[in-house]
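Reviewing the structure listed below.
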């Protein structure tokens, strides 16, 4: 399968998702500062989701640049990953409107978990395809990516379990922990991630 076409399709879908998210901002009904301040909770959720998509795209780009080939399984798992991301605008809008309520926070966390599972599966499949085509060094590089190591560790499971409980007592904790995890992924990248063409 043509890697560049799959990457271009992925980029287009990600761009559309980001566009949909920003369209959720409502134009204030008043010229007073209160009009824009009323959108503060959505802006906070939007900023986290924007970072979410940036981190996802950056690491996806790195993996796809290294991947020696795109198999049928990689293509379909990539589509599942895109599907998980396509729900981010809905979860962002809901949690941005009702940040102090449990259901929207749980929904946002569920989408993040769905995305994490899809990303982890995609990474595993690219590692497997790289090994199968004799590119063991590439497989090793991809397996050493910090986001993959984090999502593939028992620490993530414990973190998600703790967050599930914390949302019961302070709903915004779901977004705050997501933000912390995304910041970790944003600043912990492989050394050569900015050198891939």
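Here are the numbers:
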{"quantity": "Ascending count of other beta-carbon atoms within 10 Å, so fewest first, for 185, 85, 99, 1", "calculated": "1, 99, 185, 85"}
{"quantity": "P(r) of the range 60-193 over all Cα-Cα pairs, binned every 5 Å from zero, in whole percent", "calculated": "2, 10, 18, 20, 19, 14, 9, 6, 3, 1, 0"}
{"quantity": "CD proxy at 222 nm, helix term only [per DSSP H run n ≥ 4: -39500 (n - 2.57); per residue of the chain; nearest 500]", "calculated": "-25500 deg cm²/dmol"}
{"quantity": "Order of 81, 154 - criterion: other Cβ atoms within 10 Å of each residue's Cβ, fewest first", "calculated": "154, 81"}
{"quantity": "Taking 131, 72 and counting other C-beta atoms within 10 Å, the order from fewest to most", "calculated": "72, 131"}
{"quantity": "Stretchable slack from residue 186 to residue 157, in nm (0.36 nm times residue separation minus alpha-carbon distance)", "calculated": "8.4 nm"}
{"quantity": "Cβ-Cβ FRET estimate between residue 37 and residue 11, R0 fixed at 35 Å, reported to 0.05", "calculated": "0.55"}
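No value in this document is a laboratory result; all are computed from the given coordinates. Nothing here was measured: the structure is a model prediction, and the numbers come from that model. When we count neighbours, we look across all protein chains shown, and the Cβ atoms used for this are built from the backbone with ideal geometry, even at glycine.
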